[in-house]
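The values are calculated or read from the model by the stated rules, or taken from the named source; none is laboratory data. Keep in mind that what you see is a predicted model, and the values were worked out from it rather than measured. Here the Cβ positions follow ideal geometry from the backbone for every residue, glycine too, while neighbour counts run over all protein chains shown. SASA here: full protein model, heavy atoms, side chains in, ligands and nucleic acids out. Shrake-Rupley method; radii C 1.70, N 1.55, O 1.52, S 1.80 Å.
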Amino acid sequence: MLAIYLTLIDNEDDKKSFEDLYNQNRSKAYAIAFNILKNKALAEEACSEAFFSLAKSFQKIKNLESHKLDYYIVIMLSLKISIFLFQPLLTAIFKANLHLVSQKI
């Protein structure tokens with residue numbers, strides 16, 4: 001996946017910086033995601049989506065102080081995890097509402 005993220009970054013120095021960031025944080029991010037989601041595939045996907053988003057915005061965030069960059073990573077990962085946690089609930093609500101609407105038509 002790292003190769004895909006690196007295609008989103010133009011500058012060679014930035015690619016190296018992102019690769020370092022990825023290597024330093026990938027296992028921690030996966031551990032956090034797995035501890036919350038309790039599912040290997042979903043944890044992988046949450047991490048992949050988080051790092052994809054980080055790569056897309058790397059030009060804007062690359063100069064953040066180390067601790068702020070760590071916060072940014074955690075926030076991005078948390079957003080992706082939240083989507084996986086609430087997706088079944090939102091799908092059920094949507095289906096229930098769709099059923100109610102179809103009954104009124």
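Things worth noting here:
Residue by residue, here is whether (1) part of a helix (DSSP H, G or I); (2) more than 18 Å from VAL74 (Cα to Cα) holds:
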residue: ILE9; (1), (2): no, yes
residue: LYS15; (1), (2): yes, yes
residue: LYS28; (1), (2): yes, no
residue: ILE36; (1), (2): yes, no
residue: GLU44; (1), (2): yes, no
residue: SER48; (1), (2): yes, no
residue: SER53; (1), (2): yes, no
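- Top-ranked residue of region 53-105 - restricted to ones that are among the small types (Gly, Ala, Ser) and open to solvent by 60 Å² or more (accessible area, probe 1.4 Å), ranked as farthest from ASP20 (Cα to Cα): SER102
- Unique residue being touching a residue at least 12 places away in the same chain (Cβ under 8 Å) and on the phi < 0 side of the Ramachandran plot when the list is ALA92, ALA46: ALA46
- Qualifying residue in region 24-40 (condition: modelled with pLDDT of 95 or more, within 13 Å of the chain's Cα centre (by Cα) and among the hydroxyl-bearing types (Ser, Thr, Tyr)): yes
- Checked against the criterion of being among the basic types (Lys, Arg), assigned to a helix (DSSP H, G or I) and in contact with a helix residue (DSSP H, G or I) (Cβ under 8 Å, 6 or more places away or on another chain), region 86-95 has no qualifying residue.
- Filtered residues of region 9-45 (kept if surrounded by fewer than 16 Cβ atoms within 10 Å (Cβ to Cβ) and of a type in the set (A, V, I, L, M)): ALA31, ALA41
- When the residues of region 96-105 are filtered to those that are in a helix (DSSP H, G or I) and not charged (D, E, K, R), the one that is farthest from PHE34 (Cα to Cα) is GLN103.
- Positions within region 55-80 being over 17 Å from GLN24 (Cα atoms) and in a loop (DSSP other than H, G, I, E, B), in sequence order: SER57
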